[in-house]
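All remarks here apply to the structure that follows.
Every read-out reported here was derived from the displayed coordinates using simple, explicitly stated rules and does not represent laboratory data. None of these values were measured; they are calculated from a predicted model. Cβ: placed from backbone, ideal geometry, glycine included. Neighbour counts: every protein chain shown.
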Amino acid sequence: MTPSLKKRFWKKATVVEVSGGYGIELDGQRVQTPSKLPLIVVFRVIADAIASEWMAQVNLVNPSAMPATRMANSVIDKVILNQNAIIEMLTEYSGSDLLCYRATSPQSLIDAQGIVWDPLLDWSAKKNLAPMNVASGIMHVEQPVTSIDVYRSKLKEMNPYQLAGVHDLITISGSVIISMALISNHLNIDEAWIAASVDEIWQEKQWGSDMEAKEVRAKKRLDFEFAFNFWKSAC
């Protein structure tokens with residue numbers, strides 16, 4: 001039976017060792033995923049984070065404040081069942097990576113992109129043996145098949161939990177290269193976020209910050225950082 005997601009009814013959320021890993025119990029009642037599968041995770045640190053999220057709920061459950069639970073549900077209900085398809089979907093991002101599409105004007109934005117992105121493309125080419133082609137504007141530029149294969153292979157090496165984390169890193173940043181540089185410790189989280197936000201940072205410097213846009217970007221930054229920490233928890 002799946003616990004209600006509307007009102008808190010439990011006093012204690014606990015991690016229990018079960019076959020296959022760690023489950024979560026609410027006053028002895030086992031938590032399930034939205035697909036009615038047992039919420040069992042392989043890594044204790046993730047299980048502890050999930051239990052802490054359930055304990056942090058007050059009167060009404062707020063799913064948006066439970067990212068570890070959401071991510072674990074995604075691993076069980078989606079990633080494990082569709083791992084190859086997810087790998088191919090994420091691989092496609094390397095064929096249209098953010099770093100490969102540059103502004104045509106003004107020169108200050110072109111320069112800003114080059115300063116941050118060119119070293120990352122050099123890293124991709126030299127460290128990963130995955131050179132990428134760059135274009136100005138939005139017209140599609142074909143990438144070397146061998147380079148795309150490099151990043152496909154790196155995705156295939158990941159377990160489902162890592163794949164869930166890197167999925168959010170890639171989709172939030174729009175860049176396989178930024179995401180791989182982050183999880184490879186070539187970039188730290190601040191450097192990775194700056195690389196993913198070059199255009200937005202430039203716009204803020206030119207026109208000032210819009211409160212609504214600032215809030216949206218702050219939320220994306222939190223999601224990006226959580227995805228990275230989730231990835232690290234699955235190593």
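Can you compute the FRET efficiency between residue 7 and residue 210 using 1/(1 + (r/R0)^6), with r the Cβ-Cβ distance and R0 = 30 Å? Round to the nearest 0.05. The computed FRET efficiency comes out at 0.20.
Projecting the alpha carbon convex hull of the stretch 129-235 along each direction and taking the average yields 7.7 nm². On the beta carbon distance between residue 82 and residue 199, with R0 = 45 Å, the FRET formula returns roughly 0.90. A quarter of the convex hull surface defined by the alpha-carbon atoms of the stretch 13-67 gives 3.8 nm² as the mean projection. Residue-wise HN-Hα couplings along the stretch 12-22, as the Karplus relation 6.51 cos²θ - 1.76 cosθ + 1.60 with θ = phi - 60° gives them from phi, are 9, 10, 10, 8, 10, 6, 9, 4, x, x, 10 Hz; Gly and Pro carry x. Using the Cβ-Cβ distance between residue 14 and residue 185 with R0 = 22 Å, the FRET efficiency computed as 1/(1 + (r/R0)^6) comes to roughly 0.05. The convex hull around the C-alpha trace of the stretch 31-143, projected and averaged over every direction, spans 11.1 square nanometres. Each of 137, 99, 32 was placed along the dipole of the chain (beta-carbon charges, centred on the mean Cα), and the one lying farthest toward the positive end is 32.
Arrange 9, 228, 43 by Cβ neighbour counts within 10 Å, fewest through most, would you? Can you show the working numbers first?
Working: 9 11, 228 21, 43 17.
Least to most surrounded, the residues fall as 9, 43, 228.
A Gaussian network model of the chain, with springs between Cα atoms under 10 Å, assigns the largest mean-square fluctuation among 33, 104, 171 to 104. Contact order, relative form, for the stretch 111-163: 23 percent (alpha carbon pairs under 8 Å, 6 or more residues apart, mean separation divided by residue count). Neighbours of residue 200 by Cβ distance under 14 Å: Lys/Arg scored +1, Asp/Glu scored -1, total +1. Simple rule: put +1 on each Lys or Arg Cβ and -1 on each Asp or Glu Cβ in the stretch 189-235, find the dipole, and look at 193, 235, 208; the Cα lying farthest toward the positive end is 235. Distance between the modelled labels on residue 129 and residue 149, one decimal in nanometres: 1.0 nm (7 Å Cα→Cβ projection).
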